[in-house]
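J.: Sharing a structure below in structure tokens format, with a few things to ask.
The values are calculated or read from the model by the stated rules, or taken from the named source; none is laboratory data. Remember, it's a predicted structure, so these values are computed and weren't measured experimentally. With ideal geometry, Cβ positions are generated from the backbone for all residues, glycine too; neighbour counts draw on all protein chains shown. Heads up: the accessible areas ignore ligands, DNA and RNA and are worked out on the full protein's heavy atoms, side chains in. Shrake-Rupley method; radii C 1.70, N 1.55, O 1.52, S 1.80 Å.
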Amino acid sequence: MTSTSEGIGSAPRPLGKALTKFIFPILVAVFLAVLAYNANWELIRALDFSVIWEFRAVLWKGLRLSLIITVVAGGLGVFFGILLAVISQSPIAPLRWIVAGYVEIWRNTPLLVQLFWLYFAVPMMTGFSMSVLATGFLAMTLQASAYFTEIVRAGIESIHRGQWEAAYALGLPAWTRWTRVILPPALRIMIPPMVNLTISFFKATAILSLLQISEFMTVASRVSNHTFKPIEIFTFAALVYFIIGYAMSRATLRLEYFLREKEH
């Protein structure tokens, strides 16, 4: 009786394996067949992707600006994120409360709301106004720094307490303690989620098109309106976002593997 029950629960039956192996490809094939049957082939044959090559220069200019915004805002976000995460470890409670409040506000409100608030509300209340590009940079940096603060804080708190105690026992200055003992091993833990977050911020630059900043999505929209070729233009835009995001994802996996190998 015991052997029968163990045999039932020990491994899936051959039929179950076959279903698991073939059911997904069958479903995909059925879906593609239905899609092909209902597709508007006349419209598909009329698509003209040569418009991409015709406007390649202006599209590249917009993509370059999106990449610059991502790199600059991400770099500043990492810098301020590390700074705020270090401050969050302070024994002074008000400093910790300020950092926690900042992180919660900028992490838990949409980038779109922050963007409009900085561009419209701040000038009305203070009289200080910024260009749309500066507003985009500032909104992206503020939100990035809030997210990076949490990543860095988690990395710092993952460091074994013994390393902290050893650093204090040696009487190391605060700068040496952070830069030589705490942050280096923490960074190995933080880099993969930081890269993944950067990918998200690259895709989020599309939101800046609402303020007509001349980044990639704004340029794509203008080209689409000018050529009356929205399917071609936005298909190309989606492909570009996918390729860059996928390349960064693969780079992250390689980086994780490299760091894992380095530890061993």
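J.: For residues in the stretch 130-163 being outside any helix (DSSP H, G or I) and not aliphatic (A, V, I, L, M), which is farthest from GLN89 (Cα to Cα)? Lay out the reasoning, then the answer.
T.: Let us first name the residues in the stretch 130-163 that are outside any helix (DSSP H, G or I), namely 130-131, 158-160.
Remaining after also requiring not aliphatic (A, V, I, L, M): 131, 158, 160.
On the way: SER131: 36, SER158: 13, HIS160: 15 Å.
Taking the candidates together, the pick is SER131.
J.: Continuing with the same structure: For residues that are more than 15 Å from GLU215 (Cβ to Cβ) and aliphatic (A, V, I, L, M), tally how many sit in the stretch 46-63.
T.: Selection size over the stretch 46-63: 5.
J.: Exactly one of (1) closer than 24 Å to PRO230 by Cβ; (2) at pLDDT below 85; (3) open to solvent by less than 100 Å² (accessible area, probe 1.4 Å) is unmet by GLU42. Its number?
T.: Among (1) closer than 24 Å to PRO230 by Cβ; (2) at pLDDT below 85; (3) open to solvent by less than 100 Å² (accessible area, probe 1.4 Å), the lone unmet condition for GLU42 is (3).
J.: Given the conditions (1) touching an Asp or Glu at 6+ places or on another chain (Cβ under 7 Å); (2) within 30 Å of TYR119 (Cβ to Cβ); (3) not small (Gly, Ala, Ser), and given that LEU197 satisfies all but one, which numbered condition is not satisfied?
T.: LEU197 satisfies all of (1) touching an Asp or Glu at 6+ places or on another chain (Cβ under 7 Å); (2) within 30 Å of TYR119 (Cβ to Cβ); (3) not small (Gly, Ala, Ser) except (1).
J.: In the stretch 47-91, which residue that is outside any helix (DSSP H, G or I), open to solvent by 40 Å² or more (accessible area, probe 1.4 Å) and at pLDDT below 90 is nearest to LEU138 (Cα to Cα)?
T.: GLN89
J.: Further question on the same structure: Looking at the stretch 117-139, which of its residues are touching a residue at least 12 places away in the same chain (Cβ under 8 Å) and within 21 Å of the chain's Cα centre (by Cα)? Steps first, answer last, please.
T.: Taking the stretch 117-139 as the starting set, the residues that turn out to be touching a residue at least 12 places away in the same chain (Cβ under 8 Å) are 118-119, 130, 132-133, 135-139.
Once the filter is applied, which keeps residues that are touching a residue at least 12 places away in the same chain (Cβ under 8 Å) and within 21 Å of the chain's Cα centre (by Cα), the stretch 117-139 yields LEU133, THR135, GLY136, PHE137, LEU138, ALA139.
J.: Still on this structure, please answer the following. Need pairs with beta-carbon distance below 6 Å; first residue within 19 Å of LYS61 (Cβ to Cβ) and within the stretch 220-247, second outside any helix (DSSP H, G or I); sequence gap 6+ or separate chains.
T.: Listed pairs, sorted by first residue: VAL223/PHE55; GLU232/LEU47; GLU232/PHE49.
J.: Scanning the stretch 108-153 for residues that are among the polar types (S, T, N, Q) and in contact with a Gly (Cβ under 7 Å, 6 or more places away or on another chain), which turns out surrounded by the most Cβ atoms within 10 Å (Cβ to Cβ)? Working first, answer last.
T.: Within the stretch 108-153, the first condition is being among the polar types (S, T, N, Q), and the residues that meet it are 108-109, 114, 126, 129, 131, 135, 141, 143, 145, 149.
Next, from what is left, pick out any that are in contact with a Gly (Cβ under 7 Å, 6 or more places away or on another chain): 141, 145, 149.
Details: THR141: 21, SER145: 25, THR149: 27.
This residue is THR149.
J.: Any idea how many residues of the stretch 92-101 are open to solvent by 40 Å² or more (accessible area, probe 1.4 Å) and either assigned to a helix (DSSP H, G or I) or within 24 Å of ASN196 (Cβ to Cβ) (or both)? Write out each step before concluding.
T.: Let us first name the residues in the stretch 92-101 that are open to solvent by 40 Å² or more (accessible area, probe 1.4 Å), namely 92, 94-98, 100.
After this cut, where a residue has to be either assigned to a helix (DSSP H, G or I) or within 24 Å of ASN196 (Cβ to Cβ) (or both) as well, the list is 94-98, 100.
Here the count works out to 6.
J.: While we're looking at this one, here's another question. Among the residues of the stretch 190-249, write down those that are part of a loop (DSSP other than H, G, I, E, B) and open to solvent by less than 40 Å² (accessible area, probe 1.4 Å).
T.: Result: ILE213, GLU215.
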